[in-house]
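Student: Structure provided below as structure tokens; questions to follow.
The values are calculated or read from the model by the stated rules, or taken from the named source; none is laboratory data. Since this is a predicted model, take the numbers as computed values, not measurements. No Cβ is skipped: glycine too gets one built from the backbone with ideal geometry, and neighbour counts run over all protein chains shown.
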């Protein structure tokens, strides 16, 4: 059997959530920018041309935006890990790389980001 590497890439998805350790950061939601690289099994969808055989990137977007809007993590690391776990729970997803940017987190820089990669084990768990 041939091994395939298929990826869905979602770039620069913006959403707002309460995040940060400083008291001023806890007062209101702030904008974050999410990039996802989702490794999945897409060969069946490619052959059938049927969305029911595919990883639906609209559903992934909805899943992560809804989850993020309901959280109030202090650390971007914690939120990134939470979102990675949600994406891995989607059928046909085998691995995810999450890059989560916190724009203007520091003076004189555009953004600070965390990048994490999570993968399902042979048992299908993270």
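Student: Outside any loop (DSSP other than H, G, I, E, B), in contact with a strand residue (DSSP E or B) (Cβ under 6 Å, 6 or more places away or on another chain), surrounded by 14 or more Cβ atoms within 10 Å (Cβ to Cβ) and at pLDDT below 95: which single residue out of 84, 105, 68 fits that description?
Tutor: 68
Student: With (1) over 18 Å from residue 116 (Cβ atoms); (2) in a helix (DSSP H, G or I); (3) out of contact with any helix residue (DSSP H, G or I) (no Cβ under 7 Å at 6 or more places or on another chain) as the list, and residue 44 as the residue in question, which single condition is left unmet?
Tutor: (3)
Student: If the requirement is being surrounded by 14 or more Cβ atoms within 10 Å (Cβ to Cβ) and either in contact with a strand residue (DSSP E or B) (Cβ under 9 Å, 6 or more places away or on another chain) or at pLDDT below 95 (or both), which of these qualifies: 19, 9?
Tutor: 19
Student: Out of (1) closer than 25 Å to residue 29 by Cβ; (2) loosely packed, with under 13 Cβ neighbours inside 10 Å, what's the single condition that is false for residue 44?
Tutor: Failing condition for residue 44: (1).
Student: Taking residue 124 as meeting all but one of (1) modelled with pLDDT under 95; (2) outside any helix (DSSP H, G or I); (3) at negative phi, write down the number of the exception.
Tutor: It is condition (3) that residue 124 fails.
Student: Right, residue 58: touching a strand residue (DSSP E or B) at 6+ places or on another chain (Cβ under 9 Å), on the phi < 0 side of the Ramachandran plot and either modelled with pLDDT of 95 or more or loosely packed, with under 13 Cβ neighbours inside 10 Å (or both) or not?
Tutor: Taking the combined requirement at face value, the residue does not satisfy it.
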